[in-house]
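A short worksheet on the structure shown next.
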Amino acid sequence: MAYTQTVIDNFDDNSIDAAKWNRPTTGATETSAKYHMPCLSTYPQTEGLNSYNLANGILAVKYAKTGTATAESEFYMGAHDGAGNVISLLGGVANAYLAVEVAGSVTHSSDVITDTTIGIGPSWTANTWFGLGNLGSDNILRWYKSSDGQTWTEMARTTVGGTFGKTTARLYFMSGVWSGSSTYVADLDDASYWLNGGSSSPVKNKMRVGGAWVTGHPKVRVGGAWVAAKTKVRVAGAWVTLT
């Protein structure tokens, strides 16, 4: 099934957009069309402010790296719901170690790590998409990697419990080093939401006139005047207006 991309931030203006990102712990920077998250002992955090439905798609970012990782260096990629609940995948950046982490009132169970040889470690291909989503009625959340935004390979999955607002999911990143110091930096690009099986563009409204299908809208009488009655339909969990 095809995915349709909505870019949240392409990080191209050398300035962290306060309307899109909250940083409860600072340390990240935006330069050279990348968002840089260094592995510091203060554990820099970044919380997205734009909400998306994690049931209908994948929140993702292109992931690359610079510097030298230590065994104590970590990067977390996940989502928060704006109500203090966070679920993320911890990656050991010097190896293939992956683990599910939570905060707030969200819980996890039945964790499965399917990517046990590469993770986000040294063998990771730079600028591959790293994402999570497709949290359906089975409450199974999956993390993925993708080279093109269309074919997504599962890296890990977990069953989500407790309280997590999947319809108000926002990106969440954290990096850090739990002992010593590290020069490793996670370089992120093109934070995006990939809608599963939907279209981000309204589709055409057609009606039958004189034996033929034509594009247009029926008219209704409102306040003594005729106005076009635009139709809305449900597409992949969202209402869109037919053009």
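The values are calculated or read from the model by the stated rules, or taken from the named source; none is laboratory data. Model, not experiment: these values are computed from the prediction. Here the Cβ is made from the backbone with ideal geometry for all residues, glycine too, and neighbour counts use every protein chain on show. Quick note on the areas: whole protein, heavy atoms, side chains included, nothing else; ligands and nucleic acids left out. Shrake-Rupley method; radii C 1.70, N 1.55, O 1.52, S 1.80 Å.
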In region 148-156, is there at least one residue being surrounded by 18 or more Cβ atoms within 10 Å (Cβ to Cβ) and within 17 Å of residue 85 (Cβ to Cβ)? no
Output for Cβ contacts, cut-off 8 Å, separation at least six or different chains, first residue over 15 Å from residue 55 (Cβ atoms) and free of Cβ contacts under 8 Å to residues at least 40 places away in the same chain in region 145-172, second open to solvent by 50 Å² or more (accessible area, probe 1.4 Å) and of a type in the set (Val, Ile, Thr), reads 145/153; 147/125
Among the residues of region 177-191, what is the count of those that are of a type in the set (Asp, Glu) and within 15 Å of residue 76 (Cα to Cα)? 1
Being among the small types (Gly, Ala, Ser) and buried (at least 22 other Cβ atoms within 10 Å of the Cβ) is true for just one of 162, 119. Which residue is that? 119
Residue 63 is checked against (1) crowded, with 17+ Cβ neighbours inside 10 Å; (2) closer than 13 Å to residue 169 by Cβ and fails just one. What number does that condition carry? (2)
When you check residue 233 against the structure, is it part of a strand (DSSP E or B), surrounded by 12 or more Cβ atoms within 10 Å (Cβ to Cβ) and at pLDDT below 75, yes or no? yes
Those residues of region 125-147 which are in contact with a strand residue (DSSP E or B) (Cβ under 7 Å, 6 or more places away or on another chain), open to solvent by 40 Å² or more (accessible area, probe 1.4 Å) and part of a loop (DSSP other than H, G, I, E, B) amount to 126, 127, 139, 147
